[in-house]
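Colleague: Input: one structure, supplied below.
We did not get these values from a lab; they are worked out from the coordinates using the rules stated. Computed from a prediction, not measured in an experiment: that's the story for all the values here. So basically every Cβ, Gly included, is an ideal-geometry build from the backbone, and we count neighbours across all protein chains shown.
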Amino acid sequence: MTTTTLTHTPQDSGVPASARDLSVQERVVLITGAAQGIGRELARQFAAAGAFSVVADLNFDKAQAVVKEIHDAGGTGFAVKVDVSDETSVTSMVETVMEKCGRIDVLINNASIFATIEKGPFDQIPMEQWEQVLKVNVTGSYLCVRAVAAHMRAAGFGRIINISSDSVTRGIGNYLHYVTSKSALIGMTNALARELGGDGITVNCVRPGMIATEVERTVNPTIEVRERAASQQCIPRGMVPTDLVGIMFFLATPASAFITGQTIACDGGYTHSS
Ligand SMILES: NC(=O)c1ccc[n+]([C@@H]2O[C@H](COP(=O)([O-])OP(=O)(O)OC[C@H]3O[C@@H](n4cnc5c(N)ncnc54)[C@H](O)[C@@H]3O)[C@@H](O)[C@H]2O)c1
């Protein structure tokens with residue numbers, strides 16, 4: 001792995017305040033589960049906008065392939081192998097990022113058991129599967145926050161973004177382990193925001209709608225289901241990963257400094273907050 005020297009912090013970059021506040025340039029953005037799907041697209045987009053993307057995933061080969069795409073496009077970043085559900089692995093990931101970059105500005109808790117999840121009636125979910133989904137989707141996010149918080153506190157700046165799901169409000173059946181895990185992230189966001197707000201760290205949550213990614217899923221909704229969902233949105237088209245870029249960039253920058261403990265739906269208006 002090559003060591004990257006970041007020449008300055010965004011706070012003293014000399015860029016005029018208004019432009020600087022909305023820029024992700026030179027931000028160190030740690031994205032878990034970034035080897036494919038939404039995480040991959042976010043890593044590519046942040047890097048394309050001048051951020052340093054850390055592509056963290058259980059699947060190191062695929063994470064490296066994403067970094068190659070980033071480098072080929074002229075961006076910066078590196079891959080790190082992590083099992084977010086394992087404290088030692090998470091600690092090692094954060095140490096690696098700190099060694100290479102000296103800080104972590106943004107954590108995106110995107111890693112999840114999702115594409116591989118098996119649907120089934122709530123009373124037939126094997127206990128092992130239930131525990132694994134909660135361990136990765138909930139405990140994994142907690143462990144990542146726990147590991148980055150001290151560094152963000154020391155820097156007086158941090159942006160933590162959790163990824164929930166519109167399934168929480170829709171209450172999709174035969175999906176209880178996943179829906180429960182994604183609901184927990186909303187409560188976690190609210191409570192963490194209280195504890196970290198005084199340190200310049202915001203904690204927010206994004207609730208995406210149904211997104212078609214490059215990944216074949218065992219729970220892929222049929223075309224009919226997708227079309228029906230799209231027709232019920234205010235913006236009646238299928239959602240794509242880049243639809244998340246605007247809200248993610250905004251939550252990652254100083255421009256969102258006074259917004260914390262929020263869950264923001266990005267679903268073409270499929271659901272409404274009140
Ligand atoms: N795609 C959608 O329709 C949709 C909708 C709402 C919310 N989401 C959420 O968005 C996020 C990304 O979705 P996606 O469609 O890209 O999912 P995905 O299943 O395609 O990708 C998940 C990534 O997480 C990684 N991962 C799994 N377990 C891990 C672990 N223990 N440690 C580290 N990495 C691990 C996987 O290797 C994979 O690269 C997830 O949190 C998902 O719940 C997705």
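Colleague: Filter region 153-171 for residues that are surrounded by fewer than 23 Cβ atoms within 10 Å (Cβ to Cβ) and touching a Lys or Arg at 6+ places or on another chain (Cβ under 9 Å); which is nearest to Gly198 (Cα to Cα)?
Modeller: Here the answer is Phe157.
Colleague: Counting only residues that are among the polar types (S, T, N, Q) and part of a strand (DSSP E or B), which one in region 196-242 is surrounded by the fewest Cβ atoms within 10 Å (Cβ to Cβ)?
Modeller: Ranking the candidates gives Asn204 first.
Colleague: Please determine, by comparing only the residues of region 65-81 that are away from the ligand (no atom under 16 Å from the Cβ) and either polar (S, T, N, Q) or within 15 Å of Ala51 (Cβ to Cβ) (or both), which one is surrounded by the fewest Cβ atoms within 10 Å (Cβ to Cβ).
Modeller: Only one residue tops the list, namely Gly74.
Colleague: Right, another one. Please give the helices (runs of 4 or more DSSP H) falling wholly within region 82-182 in which 1 or more residues are away from the ligand (no atom under 14 Å from the Cβ).
Modeller: Fully inside region 82-182 and qualifying: 87-101, 127-134, 140-155.
Colleague: Consider Ala193 carefully, then state whether it is under 19 Å from the mean Cα position of the chain (by Cα), among the small types (Gly, Ala, Ser) and not in a loop (DSSP other than H, G, I, E, B).
Modeller: yes
Colleague: Right, something else. So, Pro126, is that one more than 20 Å from Ile264 (Cβ to Cβ), without any contact (Cβ under 8 Å) to a residue 12 or more places away in the chain and surrounded by fewer than 23 Cβ atoms within 10 Å (Cβ to Cβ) or not?
Modeller: So Pro126 fits the description; yes.
Colleague: In region 248-274, which residues are β-branched (Val, Ile, Thr) and either farther than 30 Å from Val28 by Cβ or in contact with a Pro (Cβ under 9 Å, 6 or more places away or on another chain) (or both)? Spell out the reasoning first.
Modeller: Filtering region 248-274 down to residues β-branched (Val, Ile, Thr) leaves 253, 259-260, 263-264, 271.
If the condition is that a residue be β-branched (Val, Ile, Thr) and either farther than 30 Å from Val28 by Cβ or in contact with a Pro (Cβ under 9 Å, 6 or more places away or on another chain) (or both), then Thr253, Thr271 are the ones that fit.
Colleague: Further question: Among what's in region 196-249 and is among the charged types (D, E, K, R) and more than 9 Å from the ligand (Cβ to nearest atom), pick the residue that is nearest to the chain's Cα centre (by Cα).
Modeller: Asp243
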